[in-house]
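Shown next, in structure tokens, is the structure this report addresses.
The values are calculated or read from the model by the stated rules, or taken from the named source; none is laboratory data. All of these numbers come straight from a predicted model, not from anything done at the bench. Every residue, glycine among them, receives a Cβ derived from its backbone with ideal geometry; neighbour counts consider all protein chains shown. Keep in mind that these areas ignore ligands, DNA and RNA; they rest on the heavy atoms of the full protein, side chains included. Shrake-Rupley method; radii C 1.70, N 1.55, O 1.52, S 1.80 Å.
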Amino acid sequence: MMDSWLTVTPGTAPLLVSIPHTGIDLAGLENRLVLPWLGRRDCDWWIDKLYDFAQGLGATVVHTAISRTVIDVNRDPSGASLYPGQTTTGLCPTETFDGDPLYREGEEPGPSEIDERREKYFMPYHAALQAEIARLRALHGQIVLYDCHSIRSVLPRLFDGTLPVFNLGTNDGVSADPSLQAMVGQILAETGESFVVNGRFKGGWITRHFGQPQDGVHALQMELSNRGYMREPEGKGAPDNWPVPYDAAFAAPIRATLENILKTAIVWAQS
């Protein structure tokens, strides 16, 4: 299935890979934003390239080309915060991760426009995930939904200090079997890189909504710090240095770890 903004690449392995935040299509909002570049700054840059081996493993891949500035398909569709008491961005963000305003004064989306975006982009993305879950569950007793993300290593507004390179989330163990979480955690420990399980990022709406181990669906969110696979500049970045180009050689070590994780998830589900 392919749309102008939604791509579903079916596979037969018990693994569904979700790529919700690499989109840079602003859906015609450019003239309403302070800068189009700001509307793309918080993109999960190059994650689609980093995981482009997944299809070769037999995984199903669901990907949206729409920017999270238009609508964030990994947020609660009601608009409720997934991290009460902590700073985060909303379903249709009006500011960047750093708190910079995205829209020119008076151009922010109102309730009716948010509803329209939810119907046009959020619901089809989640319908695609649900359809592929149902298809794969008809083939396998257990499947793994792996949600791919990345973020800048230092974001004082969102978290203190420097984020670990690997941030595995299972909604505090609710969205996946403990044995799967432990196996992935062991892979991370063996890299020698910094990692945390259910730290600042425990899993967004995709992980929390679809992760139903009792129904054979085990959801993992992997939030990578950008420095793990790209030469991340210091600070907020600027139009002349962000994003940095994708460097396959620089990304190769973390890519090997991620491939190991996805292969392990497939073997775990099949066993």
Please tell me if Asp98 is of a type in the set (D, E, K, R) and not in a loop (DSSP other than H, G, I, E, B). no
Can you tell which of Val61, Val8, Val17 is in contact with a Ser or Thr (Cβ under 9 Å, 6 or more places away or on another chain), assigned to a strand (DSSP E or B) and either more than 30 Å from Leu139 (Cα to Cα) or open to solvent by 10 Å² or more (accessible area, probe 1.4 Å) (or both)? Val61
Residue check, Gln130 open to solvent by 10 Å² or more (accessible area, probe 1.4 Å) and within 17 Å of the chain's Cα centre (by Cα): yes
Here's a check for you: in segment 221-234, which residue that is over 25 Å from Leu145 (Cα atoms) and acidic (Asp, Glu) is modelled with the highest pLDDT? Glu232
Would you confirm whether any residue within segment 100-116 is surrounded by fewer than 19 Cβ atoms within 10 Å (Cβ to Cβ), among the small types (Gly, Ala, Ser), under 21 Å from Thr170 (Cα atoms) and out of contact with any helix residue (DSSP H, G or I) (no Cβ under 7 Å at 6 or more places or on another chain)? no
Which of the residues spanning segment 66-94 are surrounded by fewer than 16 Cβ atoms within 10 Å (Cβ to Cβ) and either outside any loop (DSSP other than H, G, I, E, B) or among the aliphatic types (A, V, I, L, M) (or both)? Ala80
Would you mind finding the one in Ile71, Ile19, Ile47 that is at pLDDT 95 or above, within 21 Å of Pro111 (Cβ to Cβ) and not polar (S, T, N, Q)? Ile71
Using beta carbons and a limit of 7 Å, which pairs, at least six apart or on different chains, have the first residue in segment 230-242 and farther than 14 Å from Asp44 by Cα and the second one polar (S, T, N, Q) and in a loop (DSSP other than H, G, I, E, B)? Pro233/Asn241
Restricting attention to segment 221-271, which residues are farther than 17 Å from Asp48 by Cα and of a type in the set (Val, Ile, Thr)? Thr264, Ile266, Val267
Can you pull out every residue in segment 147-164 that is more than 18 Å from Thr87 (Cα to Cα) and surrounded by fewer than 21 Cβ atoms within 10 Å (Cβ to Cβ)? none
Number of the condition not met by Leu35 [criteria: (1) among the aliphatic types (A, V, I, L, M); (2) modelled with pLDDT of 95 or more; (3) closer than 28 Å to Asn198 by Cβ; (4) surrounded by fewer than 14 Cβ atoms within 10 Å (Cβ to Cβ)]: (3)
Subset of segment 128-181 that is free of Cβ contacts under 8 Å to residues at least 40 places away in the same chain and among the charged types (D, E, K, R) - its residue that is farthest from Phe53 (Cα to Cα): Asp160
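Conditions (1) at pLDDT 95 or above; (2) on the phi < 0 side of the Ramachandran plot; (3) buried (at least 22 other Cβ atoms within 10 Å of the Cβ), marked per residue:
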| position | (1), (2), (3) |
| --- | --- |
| Leu145 | yes, yes, yes |
| Pro178 | yes, yes, no |
| Gln186 | yes, yes, no |
| Ala189 | yes, yes, no |
| Glu193 | yes, yes, no |
| Gly216 | yes, no, no |
| Lys236 | no, yes, no |
Enumeration of residues in segment 228-271 that are in a loop (DSSP other than H, G, I, E, B) and closer than 17 Å to Ala182 by Cα: Ser271
